[in-house]
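A.B. asks: To start, I am sharing the structure in question, which I have written as structure tokens.
The values are calculated or read from the model by the stated rules, or taken from the named source; none is laboratory data. None of these values were measured; they are calculated from a predicted model. Because the Cβ atoms are built from the backbone with ideal geometry, glycine has one as well, and the counts that use them run over all protein chains shown.
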Amino acid sequence: MVANHQVWQRAEALERLGGDEDLLRELCQIFLEESPKLLLTLRQAALAGDAEAVMRAAHSFKGELSYLGAEEATHAARVLENMGHEKDLSGADATLVSLERQVTELCLSMKSARGSRQ
Amino acid sequence: MSQTPPPNEAPVSSPCRGNILLAEDDPIYRWLLQSQLVKWGYRVVAVKNGLEAWEALQAADAPQMAILDWIMPGLDGVELCRRIRATEQGAYRYVLLLTAKHHKEDVVAGLDAGADDYLTKPFNVDELRARVHAGSRILELQAALIKTQGALQFEAAHDRLTGLWNRGAIVDLLQREALRSMRSGQPLGVIVADLDHFKQINDSYGHLAGDAVLCEVSRRLIEAVRSYDYVGRYGGEEFLIVLEECAAADLNATAERVRHHIAECPVDIGTVQVSVTISLGLVCAIADGPDSLVPEDLVRAADSALYCAKANGRNRAETAPIMSQAGRVGA
């Protein structure tokens, strides 16, 4: 569990949820299901050079990641959102790769936390 | 385990606190908000974007409270908020905006657009509950105020005993109808009616019996006139009836119907049956240009006719000459 702290702040998220473990577990489950879709949306938007769509998807992602206290991933999403806002996607690929890595680690961490609990 | 949407309805065990429209495009936040609101006893209408939210708000039984995400495809939270305020009529809508951190200027813009409160993502569920409950309390207070206001408006315009329009209200209505009649050129009928020997009823059977007679007479007056005529209690046992678009022949027929309906069977006041009759003074006014109909003159003319009805034996209607031309009695 100690390793998880770098990727996301589980305790922080739990506190936001009023200490409701069940709620956190369900929230993680939905994140595990939704984040691949959101990543795909982002990737496609970046490929198509659709700054508006990048901004929207990154904004959504940022909100979810910040809820989970995933600071680095939140930061990457915020950078992407700003790129979309500025309509300059020139550095988007690198940031997207970083975001994907962060999200993948986050998901792994969630799955292992779930495994250790059951 | 797959994602199951939270139910829209509160569990049967918890009381329903009210309906909330939830507009949030992000599936995780939508799920989180919906599941918590339902848990706290709210009924939730959840939509995925601003346009769906706007549509849902057009329904007759649309929720009074709306939780709107700031950034949504189609129509964002602030624009939606502005639309809600611009088209608001009747009951107030309580709007809670969800904003992202690091956007303090958004909060100002949101409140300027008409939001009542805001919540910053990522929010704490306890804060969410407290803010939603606070909004709910305001809506409950408002509902109570509207109810009281309605009751006060009714009391201010109606006679407490009979439920008819009171003197102030019926005079206002006469004024309004006189103006309308002057614009339309349609005849306006006015009747002043007075119960015959009402003092004797009070003296013989007591004031409670007198009140019962007034109530029953009021009921019969309403029954005898057309549904869109106005009947008011002008004084103790005196009534003023305003009849829009009523020509002389119709006015006479209505007055005769009233007279007959009151005299035809005695009023049951519990212990005894009391025979009651009414005398009526009528005037039919036809406007002849602006300022030609003066409400006070109409009442005075109807009053004179009533005096004749009393003098001629009561339980009858007398008509004043048709009025026109700057309030003077004409041919």
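A.B. asks: Here is a check on your reading of the model: is residue A:72 surrounded by fewer than 21 Cβ atoms within 10 Å (Cβ to Cβ) and in contact with a helix residue (DSSP H, G or I) (Cβ under 7 Å, 6 or more places away or on another chain)?
C.D. replies: When the stated conditions are applied, residue A:72 passes them.
A.B. asks: Condition first: out of contact with any helix residue (DSSP H, G or I) (no Cβ under 7 Å at 6 or more places or on another chain) and either part of a loop (DSSP other than H, G, I, E, B) or surrounded by 12 or more Cβ atoms within 10 Å (Cβ to Cβ) (or both). Now tell me which residues in region B:273-290 satisfy that.
C.D. replies: Passing the criteria: B:275, B:286, B:288, B:289.
A.B. asks: Among the helices (runs of 4 or more DSSP H) lying completely within region A:38-118, list those that include at least 3 residues that are away from chain B (no Cβ under 13 Å).
C.D. replies: A:71-86, A:92-117
A.B. asks: How many residues are assigned to a loop (DSSP other than H, G, I, E, B) and closer than 21 Å to residue B:80 by Cα when one looks only at region B:35-60?
C.D. replies: Of the residues in that region, 5 qualify.
A.B. asks: Out of B:135, B:189, B:168, I need the residue that is touching a helix residue (DSSP H, G or I) at 6+ places or on another chain (Cβ under 9 Å), away from every other protein chain (no Cβ under 14 Å), in a helix (DSSP H, G or I) and not hydrophobic (A, V, I, L, M, F, W, C). Which one?
C.D. replies: Working: B:135 fails: touching a helix residue (DSSP H, G or I) at 6+ places or on another chain (Cβ under 9 Å); B:189 fails: in a helix (DSSP H, G or I).
Going through B:135, B:189, B:168 in turn, the sole match is B:168.
A.B. asks: Mind checking which residues of region B:51-66 are aliphatic (A, V, I, L, M) and either within 14 Å of chain A (Cβ to nearest Cβ) or under 16 Å from residue B:136 (Cα atoms) (or both)?
C.D. replies: Passing the criteria: B:62, B:65, B:66.
A.B. asks: If the requirement is being of a type outside the set (Gly, Ala, Ser) and more than 16 Å from residue B:239 (Cα to Cα), which of these qualifies: B:303, B:268?
C.D. replies: Matching residue, one of B:303, B:268: B:268.
Residues are listed down the side, and each one gets a yes or a no for (1) in contact with a helix residue (DSSP H, G or I) (Cβ under 8 Å, 6 or more places away or on another chain); (2) modelled with pLDDT of 95 or more; (3) surrounded by fewer than 17 Cβ atoms within 10 Å (Cβ to Cβ); (4) part of a loop (DSSP other than H, G, I, E, B):
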site: B:240; (1), (2), (3), (4): yes, yes, no, no
site: B:293; (1), (2), (3), (4): yes, no, no, yes
site: B:306; (1), (2), (3), (4): no, yes, no, no
site: B:309; (1), (2), (3), (4): no, yes, no, no
site: B:314; (1), (2), (3), (4): no, yes, yes, yes
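A.B. asks: Just one of (1) surrounded by 14 or more Cβ atoms within 10 Å (Cβ to Cβ); (2) free of Cβ contacts under 8 Å to residues at least 40 places away in the same chain trips up residue B:98, so point out which.
C.D. replies: In the conditions (1) surrounded by 14 or more Cβ atoms within 10 Å (Cβ to Cβ); (2) free of Cβ contacts under 8 Å to residues at least 40 places away in the same chain, residue B:98 misses (2) alone.
A.B. asks: Name the one entry in A:16, A:10 that is touching a helix residue (DSSP H, G or I) at 6+ places or on another chain (Cβ under 9 Å), at pLDDT below 95 and within 13 Å of chain B (Cβ to nearest Cβ).
C.D. replies: Working: A:10 fails: within 13 Å of chain B (Cβ to nearest Cβ).
Answer to the selection: A:16.
A.B. asks: Under 7 Å between Cβ atoms, which residue pairs at least 6 apart in sequence (or on different chains) link something in region B:128-148 that is not assigned by TED's automatic domain parsing to the domain that holds residue B:89 with a partner that is assigned to a helix (DSSP H, G or I)?
C.D. replies: Filtered contacts from region B:128-148: no entries.
A.B. asks: OK, next. Which residues, counting only those in region B:28-50, are closer than 21 Å to residue A:65 by Cβ and either surrounded by fewer than 19 Cβ atoms within 10 Å (Cβ to Cβ) or within 11 Å of chain A (Cβ to nearest Cβ) (or both)?
C.D. replies: Here is the first cut: in region B:28-50, the residues closer than 21 Å to residue A:65 by Cβ are B:28-36, B:48.
Residues satisfying the conditions are B:28, B:29, B:30, B:31, B:32, B:35, B:36, B:48.
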